[in-house]
1. Please work out the Kirkwood hydrodynamic radius for the chain, using every pair of different C-alpha atoms, and report it in angstroms with one decimal place.
2. For region 124-181, what percent of Cα pairs sit more than 18 Å apart?
3. Beyond 18 Å, what share of the Cα-Cα pairs of region 150-197 is found? Please give it as a whole percent.
4. What distance in nm separates the two pseudo spin-label positions at Arg136 and Leu102, each 7 Å out from Cα along the beta-carbon direction?
5. Exposure proxy check: Lys135, Lys34 ranked by fewest other beta carbons within 10 Å?
6. Counting each pair of different Cα atoms once, what's the Kirkwood radius of region 13-135 in Å, rounded to one decimal?
7. Using the Kyte-Doolittle scale, find the helices of the chain whose mean hydropathy is at least -1.0 and whose Cα atoms extend 15 Å or more along the helix's long axis, counting only whole DSSP H runs.
8. Report the local net charge at Pro48: Lys and Arg +1, Asp and Glu -1, summed over other residues whose C-beta lies under 12 Å from its C-beta.
Amino acid sequence: MANIFIIGATGGVGSKLGRLLVRSGHSVIGLHRKPDQAAGLADDGVSPAQGDIIEMTPEQLAQAAQGADVMVFTAGAAGSGLDRTTAIDGDGPAKAIEAARLLGITRLYLVSAFPEAGRQRERSDGFEHYMAEKKRADVAVATSELEWVILRPGTLTDAEGQDTVTMGPAILYGSIARETVARALCALINQPSVCREIIELTDGPTPIDEAVAALRQG
């Protein structure tokens, strides 16, 4: 079992992922920004580590992740402004890469965005900036020497999570529940032979374990 550090542990995907990983037998450290978030993480079996990814240096991030051998980046600015989008969605994964190097961590999982997201509606400058920063982060991770996985879910919903998905290097655009994303990410973490892959993800008919096994065989 691994010791996993989640950046974005109190978010819509990260909070669900932490619980799933703990139930799977992993040890989990969760980065949280607000002091009052620590108790909720502890209740889920996640060891809280307080820090703000915007303010933290790679060295401080590495200190928070001491003991981890896997890193997950699932933080996001959630439409809270251009500067925060740049600092969290764009700069944050680069800090995670440097922190991983400092700790000798080789496995990094990044929750990114589906390239076709929002293309069917009128788009704002803020949304275009968000997509550009997501792509910048993807490039930083994909050009690193780490054993990375970039997961690009479709439009996130709060629907009930499912154990089936559509998953692959290039799939048609769609939506997916945050809980389902967390289940798929947990399955990928449990299968470390899937690495250096960019994976798109939506709701679909294939059991998650089968979808991950197909990636491994590929």
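Values in this text are rule-based calculations from the coordinates and carry no lab data. Predicted, not measured: the structure shown is a model, and the values here were computed from it. Cβ sites come from the backbone with ideal geometry, for glycine too, and all protein chains shown count toward neighbours.
1. Values: mean 1/r = 0.0584 Å⁻¹.
Kirkwood hydrodynamic radius for the chain: 17.1 Å.
2. In whole percent, the share of Cα-Cα pairs in region 124-181 beyond 18 Å is 50.
3. Working: 303 of 1128 pairs.
Cα-Cα pairs in region 150-197 separated by more than 18 Å: 27 percent.
4. Output for this residue pair reads 2.1 nm.
5. Numbers: Lys135 15, Lys34 9.
Ascending number of Cβ neighbours within 10 Å: Lys34, Lys135.
6. Numbers: mean 1/r = 0.0650 Å⁻¹.
After inverting the mean inverse Cα-Cα distance, the result is 15.4 Å.
7. Details: long enough: 91-103 (19 Å, 0.15); 125-142 (25 Å, -0.61); 178-189 (16 Å, 0.92).
Once both thresholds are applied, what remains is 91-103, 125-142, 178-189.
8. Details: positive: Arg33, Lys34; negative: Asp36, Asp43, Asp44.
Once all neighbours under 12 Å are counted, the net charge is -1.
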